[in-house]
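The values are calculated or read from the model by the stated rules, or taken from the named source; none is laboratory data. All values derive from a computational prediction rather than experimental measurement. No Cβ is skipped: glycine too gets one built from the backbone with ideal geometry, and neighbour counts run over all protein chains shown.
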Amino acid sequence: MNDLETLIDVGSRLLSIPIDPAWKPAIEANLAVTLRLAASVDAFPLPDEADPAPVYRP
Amino acid sequence: MNAVETALARIAERNPVLNAFTAVTADRARAKAAALDASDVALPLKGVPFAVKNLFDIAGIPTLAGSLINRDRPAATADATLIRRMEAAGAVLVGALNMGEYAYDFTGENVHDGPSRNPYDATRMSGGSSGGSGSAVGGGVVPIALGSDTNGSIRVPSSFCGIFGLKPTFGRLSRAGSFPFVASLDHLGPFATNVRDLVLAYNAMQGPDPEDPFCTERPAEPVDASGGIAGLRVRVLGGYFRQGATAQALAAVDTVAAALGAGEPVELPEAARARAAAYVVTATEGAALHLDRLRRRPNDFDPAVRDRLIAGALVPAALVAKAQKFRRWFRDNTLRLFDDADILLAPCTPCPAPLLGQTTLDLAGETVPLRPNIGIYTQPISFAGLPVAAVPVWLPNETLPIGVQVIAAPWREDMALRAAAYLEQAGVCRWKPCA
């Protein structure tokens, strides 16, 4: 079992999402794309002081 | 009354092919039209029929958002804010429009209702997720429709269906009474066959709304788009926005650029990373919205939507927070482009409308998955929250239209609409009635 399959199995169990084994290849493919894109964002250097975009006004 | 009866007749005539409507509000429309006929009050949209993507609340109808699951929801008890404002300006609601499930779509296909179809070729996509809106306006059924745009869902159907669309500044128009998708990115806006109607609809819908905490507190800023383009500094977005596009997409941008007298191209910094960050925010916020439905009714989703949402639920939260931090950086650096430009130009889509059922695209010699790649040029722009007028171009000898994004600085919809009006008046951009 690769890391993504492990993440899908464990993560879906922790989140109580029932998964049919037939769905796993498509979920894995989508997860791989999303994590690849997230890694490109993660790789961009930002200062600690960089504020996230959403602003909450009480 | 005549315009409303004409619209109802066209729905009966054309919807069997277009499949744009999921509900027709004929009784309500006739009652409203009769009341308007009996009134002497002058209104900017008096008697003009319009329809809305079926994620807008319509009193008396469940808000489907393109899904099977939402059919079990109780009927909405009130109209969405934007419907109320359109009707206050005299427009008449005639129905609800087909859309991709839960707006997670660029194709206009829907496994529950069937696809909305392209008005110029019924074997082709309308574009998503506001596919019914594009199909109904492009097909000449109604002159105005409303839709939503999270990553491109107004601009993509505008491009494929050859119509004008406005994705306003993020936060400009109230989202109250619409079914959400991604709170950080959702916008609502109008489609129309001409810029005059687009502006009238936009002006009618502006203004703060305490029911939507994301809606700006700026007062309404009514637009007069008739001012021409004198003084507007226009630039084409290069780099990322020239890569992977078909010859038609690039020719459409170049045609508009020539008509507007565009200067040297400029680069939007880190556009690819902005698209990546928008993708991450969309997948994860969308997953959070639907988490309970994924637990209870996973078999009632479109499988393609369900599998993307489940994947989104499994992305570590730290990566989402980084995407939101990057958004702030991207916003600050994007705004610097407007020191030297008022209007930026980019393709709406990398190609004209693909065939229904098509799953891949051939872009710059590479075969890529179709669904995620239709929005590559729209996603960075909405991630920055910039207002965009989508304008339709018919290239010589082409049988399908393709759209161009006319992009302005935040809160400067007026500039994008002035450019769009000029392009329409000059005959460069136009809606073409179907044969």
Self-check item: The lone exception for B:VAL368 - which of (1) assigned to a strand (DSSP E or B); (2) away from chain A (no Cβ under 14 Å); (3) under 28 Å from B:THR123 (Cβ atoms) it fails
Solution: (2)
Quiz item: Out of all the residues in segment A:36-48, which are assigned to a helix (DSSP H, G or I) and either more than 7 Å from chain B (Cβ to nearest Cβ) or within 14 Å of B:ALA321 (Cβ to Cβ) (or both)?
Solution: A:ARG36, A:ALA38, A:ALA39, A:VAL41, A:ASP42
Quiz prompt | Of all residues in segment B:326-337 being out of contact with any helix residue (DSSP H, G or I) (no Cβ under 7 Å at 6 or more places or on another chain) and surrounded by 19 or more Cβ atoms within 10 Å (Cβ to Cβ), the one that is nearest to A:ALA39 (Cα to Cα) | solution = B:TRP329
Quiz item: If we scan segment B:351-359, do we find a residue that is within 14 Å of chain A (Cβ to nearest Cβ) and small (Gly, Ala, Ser)?
Solution: no
Exercise. Just give me the residues in segment B:1-29 being of a type in the set (Ser, Thr, Tyr) and outside any helix (DSSP H, G or I), in sequence order.
Key: B:THR22, B:THR25
Quiz item: Looking at (1) away from chain A (no Cβ under 11 Å); (2) surrounded by fewer than 19 Cβ atoms within 10 Å (Cβ to Cβ), which is the one condition that is false for B:LEU344?
Solution: (2)
Self-check item: Residue satisfying all of: in segment B:58-100; β-branched (Val, Ile, Thr) and in contact (Cβ under 8 Å) with a residue 24 or more places away in the chain; farthest from B:ILE144 (Cα to Cα) among these
Solution: B:ILE69
Exercise. Restrict the check to segment B:301-310 and report whether at least one residue is in contact with an Asp or Glu (Cβ under 6 Å, 6 or more places away or on another chain) and part of a helix (DSSP H, G or I).
Key: yes
Exercise. Residue by residue through segment B:382-407, note down the ones that are more than 20 Å from B:LEU198 (Cα to Cα) and among the β-branched types (Val, Ile, Thr).
Key: B:THR399
Quiz item: For segment B:117-140, which residues satisfy the criterion of being out of contact with any Ser or Thr (no Cβ under 8 Å at 6 or more places or on another chain) and either surrounded by fewer than 24 Cβ atoms within 10 Å (Cβ to Cβ) or hydroxyl-bearing (Ser, Thr, Tyr) (or both)?
Solution: B:ALA122, B:THR123, B:ARG124, B:SER133
Quiz item: Any idea which of B:ALA278, B:ALA272 is at pLDDT 95 or above and within 28 Å of B:ASP414 (Cβ to Cβ)?
Solution: B:ALA278
Quiz item: So which residues in segment B:341-367 are out of contact with any helix residue (DSSP H, G or I) (no Cβ under 8 Å at 6 or more places or on another chain), of a type outside the set (Gly, Ala, Ser) and in contact (Cβ under 8 Å) with a residue 12 or more places away in the chain, if there are any at all?
Solution: B:LEU355, B:LEU356, B:GLU366
Quiz item: Hey, among B:VAL315, B:VAL280, which residue is of a type in the set (A, V, I, L, M), within 8 Å of chain A (Cβ to nearest Cβ) and outside any helix (DSSP H, G or I)?
Solution: B:VAL315
Exercise. Inspect all residues belonging to segment B:333-340 and state whether any of them is in contact (Cβ under 8 Å) with a residue 60 or more places away in the chain, within 14 Å of chain A (Cβ to nearest Cβ), in contact with a Leu (Cβ under 7 Å, 6 or more places away or on another chain) and not in a loop (DSSP other than H, G, I, E, B).
Key: yes
Quiz prompt | Number of the exception - A:LEU4 against (1) facing chain B (nearest Cβ under 7 Å); (2) touching a residue at least 24 places away in the same chain (Cβ under 8 Å); (3) of a type in the set (A, V, I, L, M) | solution = (1)
Quiz item: For segment B:170-216, which residues satisfy the criterion of being within 14 Å of another protein chain (Cβ to nearest Cβ), under 15 Å from the mean Cα position of the chain (by Cα) and of a type in the set (Val, Ile, Thr)?
Solution: B:VAL182
Exercise. Of all residues in segment B:278-302, count the ones that are in contact (Cβ under 8 Å) with a residue 40 or more places away in the chain and closer than 23 Å to A:SER12 by Cα.
Key: 13
Self-check item: Flag for A:VAL33 being assigned to a helix (DSSP H, G or I), in contact with a Lys or Arg (Cβ under 6 Å, 6 or more places away or on another chain) and closer than 30 Å to B:ALA384 by Cα
Solution: no
